[in-house]
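Some notes on the structure that comes next.
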Amino acid sequence: MQRWRGLDSLPGGWGRCVVTVGVFDGVHLGHQELIHRAVSLAHERGLPSVLLTFDPHPSEVVRPGSHPAQLTTLRRKAELVEALGIDVFCVLPFTPELSKLPADEFVHEVLIEKLHVAAVVVGENFVFGHGATGTVDQLSRLGHRFGFVTEGAKLVTVPNAQPGDEITFSSTYIRACIDAGDVRAATAALGRPHRLEGIVVRGDRRGHELGFPTANLSTPRYAAVPADGVYACQFSLLSNGGPRKAAVSVGTNPTFSGRERRVEAFVLDVEADYYGQRVAVDFVERLRDMERFPSSEALVEQMHRDVERTRTVLDQSG
């Protein structure tokens, strides 16, 4: 898969292509439907498939300070879409100038003049252009005028617990699940566990003193960190190595009157120093709330139970 940043240096002789456009944060099951359709349509036409996304998140440029929690880093997003068969992962820097571009000019300048689109695949709720005034209907009309096909795919929904109600899989819905600590619901919408990536940094070594040395993650600024609590997770080095079971604490460590919110992973059955390494934590199940214990001995007893529960949950999840 080719990876581009911006559209100023496209390969010489770049011809027509099939494009899917969006932020694609999380690359959830709804996004995957769009990507599968774009890849399939590209294969039918013998053309390359292009996923066009944006960085930073458009909301941060349009309304500074409103950046939503980030489900996937750009690097992780690229990995996921490559696995789905996309030929080109293109990141378009979202600037104030781009945010002011009217919808028809965005289509003409980006999709037609630069990418030479033959087909565009988007979700049925897709909006674009200045003020988010561009719609799928407008995109379709512009396609008729300039010679490309537009497909507006239906959103992916599943039945809710309430009869007659449905849940629409979206990045907003998944963020709400993670914020509530419902990582199982997030997994159902993502098609895989929610992942946090980060660099292991030195903590206060209290876990080591208690017999449970932890890897303390420094996560990206906008990372979607689950609600405070203890979780059964899979822990991986991003450089190499398969996943290992881990009991992960998210919170301020109230037993010791902590103030800094941390993500701390106790990796089962391993004695290793992960300091300075890039790691990933995949959240499988929430075990319990964050609690304040009357003593360090009571905390240690609970941590032993957390470890055994983690082992059981991950063994059962395969």
Inset, instruction - Give me the pairs, please: first residue somewhere in the range 73-95 and under 19 Å from Ile199 (Cα atoms), second residue anywhere and in a loop (DSSP other than H, G, I, E, B), beta-carbon distance under 8 Å, and either six or more positions apart or on two chains. - result: Thr73/Pro220; Lys77/Phe24; Lys77/Asp25; Lys77/Val27
Inset, instruction - Inspect the range 208-217 for any residue being modelled with pLDDT of 85 or more, under 25 Å from Val263 (Cβ atoms) and under 21 Å from the mean Cα position of the chain (by Cα) and give the result as yes or no. - result: yes
Legend entry - Tally of residues being among the β-branched types (Val, Ile, Thr) and in a helix (DSSP H, G or I) across the range 124-162: 1
Legend entry - Leading residue by the ranking (surrounded by the most Cβ atoms within 10 Å (Cβ to Cβ)) among those in the range 30-68 that are at pLDDT below 95 and part of a loop (DSSP other than H, G, I, E, B): His57
Legend entry - Residue that is touching a residue at least 40 places away in the same chain (Cβ under 8 Å) and farther than 30 Å from Arg288 by Cβ, where the choices are His130, His116, His144, His108: His116
Legend entry - strands (runs of 3 or more DSSP E) within the range 221-296 that include 1 or more residues in the same structural domain as Asp25 (by TED's automatic domain parsing) and without any contact (Cβ under 8 Å) to a residue 60 or more places away in the chain: none
Legend entry - Some residue of the range 114-122 being over 29 Å from the mean Cα position of the chain (by Cα), assigned to a helix (DSSP H, G or I) and closer than 20 Å to Val88 by Cβ: no
Legend entry - Only listed residue being assigned by TED's automatic domain parsing to the domain that holds Thr135, on the phi > 0 side of the Ramachandran plot and in contact with a Ser or Thr (Cβ under 6 Å, 6 or more places away or on another chain), chosen from Gly65, Gly26: Gly26
Inset, instruction - Could you tell me whether Thr150 is of a type in the set (S, T, N, Q), under 30 Å from Ile178 (Cα atoms) and surrounded by 16 or more Cβ atoms within 10 Å (Cβ to Cβ)? - result: no
Legend entry - Top-ranked residue in the range 225-256 [being within 24 Å of Gly276 (Cβ to Cβ) and charged (D, E, K, R); ranked as surrounded by the most Cβ atoms within 10 Å (Cβ to Cβ)]: Lys245
Legend entry - Selection from the range 291-318 of residues that are of a type in the set (Ser, Thr, Tyr) and touching a Cys at 6+ places or on another chain (Cβ under 9 Å): Thr310
Inset, instruction - Can you tell me which residue within the range 215-224, out of those that are farther than 25 Å from Val300 by Cβ and touching an Asp or Glu at 6+ places or on another chain (Cβ under 9 Å), is surrounded by the fewest Cβ atoms within 10 Å (Cβ to Cβ)? - result: Pro220
Inset, instruction - Confirm whether Trp14 is aromatic (Phe, Trp, Tyr), part of a strand (DSSP E or B) and surrounded by fewer than 18 Cβ atoms within 10 Å (Cβ to Cβ). - result: no
Inset, instruction - Tell me which of these Gly181 doesn't satisfy, since it passes every other one: (1) assigned to a helix (DSSP H, G or I); (2) touching a residue at least 40 places away in the same chain (Cβ under 8 Å); (3) of a type outside the set (D, E, K, R). - result: (1)
Inset, instruction - With respect to Glu79, determine if the residue is under 20 Å from Asp137 (Cα atoms) and either assigned by TED's automatic domain parsing to the domain that holds Ser49 or surrounded by 19 or more Cβ atoms within 10 Å (Cβ to Cβ) (or both). - result: no
Inset, instruction - Looking at (1) among the acidic types (Asp, Glu); (2) in contact with a strand residue (DSSP E or B) (Cβ under 8 Å, 6 or more places away or on another chain); (3) surrounded by 14 or more Cβ atoms within 10 Å (Cβ to Cβ); (4) farther than 30 Å from Ile112 by Cβ, find the lone condition where Glu166 falls short. - result: (3)
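The values are calculated or read from the model by the stated rules, or taken from the named source; none is laboratory data. Source: prediction; values computed, not measured. Cβ sites come from the backbone with ideal geometry, for glycine too, and all protein chains shown count toward neighbours.
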